[in-house]
Amino acid sequence: MLPRKDGKGKAETSRPIRMTPVDGGLKLEIKGNDADAEDLVDCEVEGAGEPIVVNCRYIRDALAAAGGGKVTFAPCADNPVGVRLLPDNDRSSFLLMQMRF
């Protein structure tokens, strides 16, 4: 179980989460002050990309606004820290800025 605060006292919802494409899905990693956690999410992954590190609260908010359908995470062209979240419903898209992990 991850603690509510990280080693610097930041709330759990503001911590970075690293998403790394692997065979069979997406590896999710988050750091805690007493322990780290990881999980493998079964999903469709295209290509072999670099890890994406974003604020887990922003991911949660963007996924909720996307409406629960299929979403695509894609790097922004000519922007090494920007990641686009593209819902399948064509209603909106989101720009997430990467963090340090």
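The values are calculated or read from the model by the stated rules, or taken from the named source; none is laboratory data. The shown structure was predicted, so the numbers you read here are calculated from the model rather than taken from an experiment. Cβ coordinates were reconstructed from backbone atoms using ideal geometry, including for glycine residues, and neighbour counts include every protein chain displayed. The protein model used for the area step is the full one, side chains on, heavy atoms only, and it has no ligands, DNA or RNA in it. Shrake-Rupley method; radii C 1.70, N 1.55, O 1.52, S 1.80 Å.
Some notes on this structure:
- Selected residue [touching a strand residue (DSSP E or B) at 6+ places or on another chain (Cβ under 8 Å), open to solvent by less than 50 Å² (accessible area, probe 1.4 Å), among the polar types (S, T, N, Q) and part of a strand (DSSP E or B)] from T20, T72: T20
- Residue check for L26: assigned to a strand (DSSP E or B) and touching a Leu at 6+ places or on another chain (Cβ under 9 Å): yes
- Remark: pairs (first residue in segment 27-39, among the β-branched types (V, I, T); second residue surrounded by 11 or more Cβ atoms within 10 Å (Cβ to Cβ) and part of a loop (DSSP other than H, G, I, E, B); Cβ separation under 8 Å; 6+ apart in sequence or on different chains) = I30/L2; I30/R15.
- Residue match in segment 60-73 (condition: farther than 17 Å from S14 by Cβ and charged (D, E, K, R)): yes
- Residues of segment 76-92 satisfying the condition of being touching a strand residue (DSSP E or B) at 6+ places or on another chain (Cβ under 8 Å) and either open to solvent by less than 60 Å² (accessible area, probe 1.4 Å) or at pLDDT below 80 (or both): C76, G82, V83, L85, L86, P87
- Flag if R60 is touching a Ser or Thr at 6+ places or on another chain (Cβ under 9 Å) and either loosely packed, with under 13 Cβ neighbours inside 10 Å or at pLDDT 85 or above (or both): yes
- Of all residue pairs spaced 6 or more apart or on separate chains, those with beta-carbon atoms under 6 Å, a first member in segment 60-77 that is over 13 Å from L95 (Cα atoms) and a second member that is open to solvent by 50 Å² or more (accessible area, probe 1.4 Å) and acidic (D, E) are G69/D88; K70/D88.
- On the stretch given as segment 28-50, residues that are modelled with pLDDT of 85 or more, surrounded by fewer than 16 Cβ atoms within 10 Å (Cβ to Cβ) and not hydrophobic (A, V, I, L, M, F, W, C) total 3.
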